[in-house]
Amino acid sequence: MSTGKINVTADNIFPIIKKFLYSDHEIFLRELVSNAVDATQKLKTLARLGETSSELGDLKIEIKVDKENKTITVSDCGIGMTTDEVEKYINQVAFSGAEEFVQKYKDKTDGAAIIGHFGLGFYSSFMIAHKVEILSQSHKEGVKAAHWTCEGNPEFSLEESEKESRGTDIILHINEDSEEFLEEARIRELLNKYCKFLPVPIKFGTKEITVDDEAAVEGEDKKEPKKEVVDDIVNNPEPAWTKAPNDLKEEDYKSFYRELYPFTFEEPLFHIHLNVDYPFDLTGILFFPRIKPNMELNRNKIQLYQNQVFVTDNLEGIVPDFLTLLHGVIDSKDIPLNVSRSYLQSDASVKKISNHITKKVADKLDELFKGDREDFQKKWEDIKVIIEYGMLSDQKFYDRSAKFALYKNVKEQYFTFEEYKEKIKDLQTDKDGNLIVLYAAHKDAQHSFIQRAETKGYDVLLLDSPIISHLIQKLETENEKLRFARVDSDSIDKLIKKEEEVPSKLSEEQIEKLKPVIEKAVNKEKFTVQMENLDSNENPFVITVPEFMRRMREMSMTGGGGFMGMDNMPEMYNLVVNTNNDLVSRILEESDESKQKDMIEQGTKLAMLAQNLLHGEELTSFIDQSFEKLKS
């Protein structure tokens, strides 16, 4: 048996780095600027510990584009490197100087976050450059600058050189197929995407600003505004989420939201500030936006950062699915990323972070509810989809939501579910001990059914969110002897069955004779005829929508698991015939079949009108016929 070490040579690793490791070529700028930030943070740490005599000066990073010479230069004023350090950190692929520094000064960085970890970021340069140069002057006294050159292969040159100031310049000679990166607008776009909140100021060109001049002496003409050319700093080194909540006011949060989403004109409803350092590191700010009708359009608005470096806006795994409708920022150095910093790796800490975010959101909602219930109720219609989605997808969130999830009735009154059950238990408990929750999906469209329920003293909820059918199923499962029934799913006496039953005016023989006559006159593919002995004051014909079939259909349309495909089934309705209504008795007594059929059709169309099932030409025709009959 023999043992040994696998030898990975630069000949093998270069093609992998250039083509496969970083799938998106634009990442090069993020990696180089991150390295520049690390160099600056290292210098700050050494200065604080008294391990460098170098004056810090103006610690900023500068990006320069030279379109004529086809170069991009990333410069920092950080710790710098000697020739020996370039040999050690650059020529050894995947040897991380940042990692080595963190280990050496563990617990001494005092918040100066070091970004690098894998030691491969620098080599992303070769995805867009055919030649890369490093010119670096160390902070150490009495050493020469180092000049390193490589043309994207294992061959390199390294020599001592001259450089006026401390720090490192990375000079990229851009490939012909990557000249898009020589456009100022493209670089500015990448800086805005990946470097917007890095902790060191980043300069990209200059800009002209107006400077306030001293007030003109009274009686003198006011001078023209004074102009001044200043560095164009493209990032905010101290974004709101890096500060303590006590140091921020409400306007600071709103200002940060506008900074994150400059083209969003609506302000968020409220925010949640995350600030955790144990058992994992997690900071961030989440905003509850006003939810638009199409939920999908608002997803992926939360941005993930690691040490203020943008990573992704696809937070699958970190943020529960229902919270992807929120906006904001999450930053954690404990979130495991792959080598290219592009994808999350499976890790137990990710699940813990996800659970913590869910708990923080629930705690905030509970706090808002208890603090100002009236204000919370005003916001409910804008946030209920997020909360209902969470109740369906996360059992722990469902349990916590019992404190603040609201249900509105048709009278615009709000209740928690426990409050509502207490309100209706006396009147809306049926003969079998089931508590029946009546609800409507459309206040106007189901007005006549709501009215019938209210005449009996019943209360009706208004449940109109796109996922309400799923939530109803969940609530029925979680609450024993409780059932939801939409007001138009049956006659009100059948929805809440009491001990007493209304006797029928018609005999069984008369009902058996009448039923086929009605079935013959109506559309059998659309209606199922039900003969019921309702109150004589109820309408002769009532169209209802079977609760089970309608609910399963709605669940299928919004992703209903085993009910998928039911949304393609034709609409079916029950035509309830009230055997105690005088018109029904007249139909039975009518000997002229054509008159009998006409009465049934007219009664059915009136019922369809009450259920909003008559539209277009059918409705126009019915109205015209009705006026003609009035004239005759």
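The values are calculated or read from the model by the stated rules, or taken from the named source; none is laboratory data. Small disclaimer: the values here were computed from a predicted structure and weren't measured. Cβ atoms come from the backbone with ideal geometry, glycine included; neighbour counts cover every protein chain shown.
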query = Is it true that some residue in the range 609-623 is assigned to a helix (DSSP H, G or I), closer than 24 Å to residue 515 by Cα and modelled with pLDDT of 80 or more?
reply = yes
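Would you be able to tell me the number of residues in the range 430-441 that are without any contact (Cβ under 8 Å) to a residue 60 or more places away in the chain and either assigned to a helix (DSSP H, G or I) or closer than 16 Å to residue 486 by Cα (or both)?
7
Only one of 477, 416, 455 is among the hydroxyl-bearing types (Ser, Thr, Tyr), modelled with pLDDT of 90 or more and farther than 29 Å from residue 386 by Cβ; which?
Working: 477 fails: farther than 29 Å from residue 386 by Cβ; 416 fails: farther than 29 Å from residue 386 by Cβ.
After ruling out the rest, the residue left standing is 455.
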task = Quickly run through the range 169-184 and pick out the residues that are under 21 Å from residue 35 (Cα atoms) and either at pLDDT below 95 or among the hydrophobic types (A, V, I, L, M, F, W, C) (or both).
result = 170, 171, 172, 174, 181, 182
Failed item, numbered, when residue 368 is tested on (1) within 30 Å of residue 238 (Cα to Cα); (2) modelled with pLDDT of 90 or more; (3) surrounded by fewer than 17 Cβ atoms within 10 Å (Cβ to Cβ) = (3)
task = Determine, yes or no, whether residue 421 is closer than 16 Å to residue 479 by Cα, part of a helix (DSSP H, G or I) and touching a residue at least 60 places away in the same chain (Cβ under 8 Å).
result = yes
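Residue by residue through the range 144-154, note down the ones that are in contact with an Asp or Glu (Cβ under 9 Å, 6 or more places away or on another chain), of a type outside the set (S, T, N, Q) and either within 18 Å of residue 57 (Cβ to Cβ) or in a loop (DSSP other than H, G, I, E, B) (or both).
If we filter the range 144-154 for residues that are in contact with an Asp or Glu (Cβ under 9 Å, 6 or more places away or on another chain), which is where we start, we get 144-150, 153-154.
Those still in the list that are of a type outside the set (S, T, N, Q) too: 144-148, 150, 154.
Scanning the range 144-154 gives 144, 145, 154.
Please enumerate the residues belonging to the range 212-247 that are assigned to a loop (DSSP other than H, G, I, E, B) and at pLDDT 85 or above.
If we filter the range 212-247 for residues that are assigned to a loop (DSSP other than H, G, I, E, B), which is where we start, we get 212-225, 234-239, 243-244.
Answer for the range 212-247, where residues must be assigned to a loop (DSSP other than H, G, I, E, B) and at pLDDT 85 or above: 234, 235, 236, 237, 238, 239, 243, 244.
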ask   = In this structure, is residue 412 in a helix (DSSP H, G or I) and of a type in the set (Asp, Glu)?
value = no
inquiry  = Name the residue that is nearest to residue 240 (Cα to Cα), counting only residues in the range 173-216 that are loosely packed, with under 12 Cβ neighbours inside 10 Å and small (Gly, Ala, Ser).
reply    = 185
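Is one or more of the residues making up the range 61-80 at pLDDT below 85, assigned to a loop (DSSP other than H, G, I, E, B) and not hydroxyl-bearing (Ser, Thr, Tyr)?
Taking the range 61-80 and keeping what is at pLDDT below 85, we get none.
Scanning the range 61-80 turns up no residue that is at pLDDT below 85, assigned to a loop (DSSP other than H, G, I, E, B) and not hydroxyl-bearing (Ser, Thr, Tyr).
Which one of these is of a type in the set (Gly, Ala, Ser), crowded, with 16+ Cβ neighbours inside 10 Å and at pLDDT below 85: 340, 354? First the steps, then the outcome.
On the way: 354 fails: at pLDDT below 85.
Residue meeting the stated conditions: 340.
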